[in-house]
Amino acid sequence: MTSPTTRTEHDSLGPLEVPAHAYYGVHTQRAVNNFPLTGKTIGSIPQLVTALAQVKIAAAQANQELGAIPAEVGEPIIAAAGEIADGALHSEFVVDVIQGGAGTSTNMNINEVVANRALEILGKPRGDYTTINPLDHVNRGQSTNDVYPTALRIALFRAIDPLLSQLRALSQDLRAKAEEFRDVITMGRTQMQDAVPMTFGLAFNAYAHAVEADIAVLEHAREALLEINLGGTAIGTQLNTVAGYTPLVTTHLANITGLPLRSADNLMDATQDTGSFVSISSALKRAAVKLSKFANDLRLLSSGPQAGFGDIQLPAVQAGSSIMPGKVNPVIPEALNQVAYMVCGNDLATTMAAEGGQLQLNAFEPVMFLKLYESVTTLTNAVGMLRDKCIGGITVDAAKLQEQVHRSAGLATVLSPHIGYANAAKIAKEALSTNTSIVELVLRDGLMDEETLTEQLRPSRLANPHGD
C-alpha cells in the first residue's frame, strides 16, 4: 500500500494540497504557486533563514516567560527553531525572495516549518495544528511587519562582515604595493594629460586611503541595522503582545544573535521607515563607484602594452582573444567594473522601493533585501577576486617610467621655481617639438647644475616635497 503523496491543509481561502513530506504548509504552498519570479528562494540565503529562526526562538522564550504560551508548546518551538538556526531544514524555505505582501509569505514559511518540526519532536504528525499552531503559537505576539524587517536587518548586518574583511585586506594589499613602488617615479596626469611627477607609491597609498574611507562609511551605515522594531507587531502599537514583551524579546534576541540590538525609540516610525536600507545601499554604491574608478585606472595604465600607456603590467590570467594570438585583456578590472554597475542599479531599485512605501508600512522590503544582499555578496566576491587575481601581481618597469618623466614637459613644472617660468616654458616647448629630455635641455643650457637637478628629481622629494 502506497503512502499518500500529499496532505490537505486549510486556510481562509479553502483547502489546498501540500506535499506530505513537507515541513511547510498551506500558506507557503500558496506563495509558491503565486510568486514564480526570480527562482531564488529564501532558503538559498542561509543568513536570512537563520535570522528568522532566531527571532522565533526569542519570541517563544519571551512569550513562555510571560505566560503567553505554556512550556509544553514553547519548548518544542524553541528546539525546532534552534535546529533551523543551526542550519537544518533550509531546503524547506521554498518561497521566492520577491513576493507580494511585505514579506508575509516568508513569515508564514518560517512559522509552518517551525510548527511542523516542533510537532515531529512531540511525536505528532505534520499538519496537526491543534497541538502547535503556526499562527497561534509560533507567531504569538508577532506580525510579519516586525518579524520580517528585524530578520532582514540581522541578516544584512552579518552579510556585511565578509565584505568589510575583504575591503580591509584590500587596503593592506594596496599599502604593500605602495611600499613596493615607493621610489618608482611616474607622471601624474590630469584630464588625461601629463601633469607633474609623482611616485607610484603615492598613487597606491591614495587608493588604499579611498578604500579605508569607504570602510568607515559602511561601518557607520551598518550600525543603524541594529535598531529593530520587534514587538511593534502590525504598525508599531504593540497590539496583541503581553505587557513587557517588547523589551524582553529584544533582550533575548540580542543574547541569541550576539549582536547589540536595541528597540527603536518609536516603533511606528521604525515599522514604516526603511532609511537604514537606503543608507546601506548608498554606502555600497559609494564603495562600488570608487572601486570601479580604480579598475578604470588599472585598465588605462596597463593599456597597450606597446601602443598604449603601458605604465603597469597586470597579471595574465587567461587568453584574451580567439582571433588575436598573444593578446591579454584586463579581465579582472573589467569584471569589477560590471559588478559596480550592478550595485549602482541595485541602489536605484532600493531607492525606488524605499520611496514607494505608504502610510504605516513599506510593502517593498523583499526587493530591497534582495538587491542589498546581492550587492553585498557580489561586491565581496569581486573584491576577493581583485585581491587574488590582480593586485599582488601588478608590476612596473621603473627605468622606462623614469625615462618618460625625464622626457615629459610636465617636469618643467617641478623645475620652474628654480629656473623661472619663462625658461621652463621655453624648454617644455622644445622638449615637445624635439622629443628631447627636459633634463638634457636644462643641463645643456646651464639652468641648473647636475647635483641640484638630481636632488630636485629624487623620488622621495617628488613624493614629499616638504619632507614631513
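Straight-distance candidates among the lysines for linking to K293, with alpha-carbon spacing under 21 Å and chain neighbours fewer than 8 residues away dropped: K177, K285, K389. Count Lys and Arg as plus one, Asp and Glu as minus one, and take only other residues whose Cβ is under 10 Å from that of K40; the net charge is then -2.
Assuming a ≥ b ≥ c are the square roots of the Cα gyration tensor eigenvalues, decide whether region 336-427 counts as rounded (a/c under 1.5), prolate (otherwise, with a/b larger than b/c) or oblate.
Numbers: a/c = 6.65, a/b = 2.36, b/c = 2.82.
Judged from the Cα gyration tensor, region 336-427 comes out oblate (a/c at least 1.5, b/c at or above a/b).
The order of S12, S105, going from fewest to most other C-beta atoms within 10 Å of their C-beta, is S12, S105. Calculate the FRET efficiency for L122 and T38 from the Cβ-Cβ distance with a Förster distance of 35 Å, rounded to the nearest 0.05. Plugging the Cβ-Cβ distance into 1/(1 + (r/R0)^6) gives 0.50. Between 0 and 90 degrees, the angle of helix 144-180 with respect to the longest Cα principal axis of the chain falls at about 20 degrees. 7 Å from Cα along Cα→Cβ at both L300 and M192: what's the point-to-point distance in nm? Result for the modelled spin labels: 0.8 nm. Taking each residue as 0.36 nm, the span from L66 to T454 lengthens on full extension beyond its C-alpha to C-alpha distance by 131.6 nm.
Checking the a/c ratio against 1.5 first, then a/b against b/c, what shape does the Cα gyration tensor give for region 292-337?
Values: a/c = 2.22, a/b = 1.27, b/c = 1.74.
The shape class here is oblate.
What aspartates and glutamates sit close enough to K290 to cross-link, taking a C-alpha to C-alpha distance under 20 Å and skipping anything fewer than 8 places away on the same chain? Cα-Cα hits under 20 Å: D161, D173, E212, D214, E219, E334, D347, E374, D388.
Just need the relative contact order of the chain here, percent rounded to a whole number, with Cα pairs under 8 Å and 6+ apart.
Working: 758 pairs, mean separation 69.9, N = 468.
Computed over the chain, the figure is 15 percent.
Can you compute the charge dipole magnitude of region 409-463 about its Cα centre, using +1 on each Lys and Arg Cβ and -1 on each Asp and Glu Cβ, nothing else charged? Give it in debye, rounded to the nearest 20. Walk me through the numbers on the way to the answer.
Values: 5 positive and 7 negative charges, 48 e Å.
My answer is approximately 240 debye.
Rounded to the nearest 10 degrees, the inclination of helix 421-434 to the longest alpha-carbon principal axis of the chain is 90 degrees.
Relative to the longest principal axis of the C-alpha atoms of the chain, give the angle of the C-alpha long axis of helix 200-223, reported between 0 and 90° and rounded to the nearest 10°. Long axis of 200-223 versus the principal axis of the chain: about 20 degrees.
The Rg/Rh ratio for the chain, using Cα coordinates for both the radius of gyration and the Kirkwood hydrodynamic radius, is 1.17.
Sort L13, L361, L386 so the one with the fewest other Cβ atoms within 10 Å of its own Cβ comes first.
L13, L361, L386
Place the peptides 69-82, 412-425 in order of packing, highest mean first, counting for every residue the other Cβ atoms within 10 Å and averaging per peptide. Mind showing how you got there, number by number?
Details: 69-82: 19.6, 412-425: 15.9.
The packing order, highest mean first, is 69-82, 412-425.
Straight-line reach from K327: taking Cα to Cα under 16 Å and skipping same-chain neighbours fewer than 8 places apart, no aspartates and glutamates fall in range. Cβ crowding within 10 Å, taken as a proxy for footprinting-reagent exposure, orders E9, E403, E212, E450 from fewest neighbours to most as E450, E403, E212, E9.
We did not get these values from a lab; they are worked out from the coordinates using the rules stated. Here the structure is a predicted model, which means the values were calculated and not measured. All Cβ positions, even for glycine, are placed from backbone atoms using ideal geometry, and neighbour counts span all protein chains on display.
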